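Right, one structure below, let's go through it.
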Amino acid sequence: MASIPLGEDILLARHGANIVKLRQDRKNRTTVAHLRGGATDTASNLLTAPVPALTPAASFTQGAARYLNDEAEVSRGEVRSLVKISLGFSAIMGIVFGGLVLALYKVGGNEALQSLSYMGASQ
């Protein structure tokens with residue numbers, strides 16, 4: 001099964017039933033459509049990337065530069081706020097965990113803390 005050149009798809013989408021004849025211009029790599037009424041239209045058979053693809057390193061460098069210039073989708077202020085919230089939440093959870101360990105020590109003594117460490121090692 002032969003593949004259909006890209007230009008034919010483009011011209012069919014543009015003109016549909018108004019196409020009388022399709023012709024391949026191999027020199028210019030285009031498809032030429034002769035339309036009802038005597039008009040012609042052409043479409044390229046090649047896909048061209050509008051922007052060259054970036055390597056991952058170039059993309060990372062570009063993203064870092066945009067972030068440092070405060071041009072990124074996420075502003076530096078938003079990142080700072082997120083870091084502050086994360087550190088605050090971590091501090092609160094550390095205090096809660098420390099309080100639970102202290103309560104366990106007060107209730108069960110040193111043996112309770114040792115049994116807690118053994119439970120973590122057995123899993």
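The values are calculated or read from the model by the stated rules, or taken from the named source; none is laboratory data. Everything quoted here is computed from the prediction, not taken from an experiment. Virtual Cβ from ideal backbone geometry, glycine too; neighbours counted across all protein chains shown.
What to note about this one:
- Tabulated pairs, segment 76-95, first of a type outside the set (S, T, N, Q), second not in a helix (DSSP H, G or I), C-beta under 7 angstrom, 6+ apart or interchain: R76/D70
- If you go through segment 20-65 and pick out every residue that is under 30 Å from R76 (Cβ atoms), β-branched (V, I, T) and assigned to a loop (DSSP other than H, G, I, E, B), you end up with 2.
Here is a yes/no grid of residues against (1) farther than 25 Å from F60 by Cβ; (2) in a helix (DSSP H, G or I):
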position	(1), (2)
A72	no, no
V79	no, yes
V83	no, yes
S86	no, yes
M93	yes, yes
V96	yes, yes
Y105	yes, yes
N110	yes, yes
S117	yes, yes
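- Considering only residues in segment 44-66 that are hydroxyl-bearing (S, T, Y) and over 25 Å from K27 (Cα atoms), the one that is modelled with the highest pLDDT turns out to be T61.
- Among all positions in segment 25-35, there is at least one residue which is modelled with pLDDT of 90 or more and of a type in the set (D, E).
- Residues that are under 30 Å from A17 (Cβ atoms) and loosely packed, with under 11 Cβ neighbours inside 10 Å were ranked within segment 41-94; the one that is farthest from the chain's Cα centre (by Cα) is L46.
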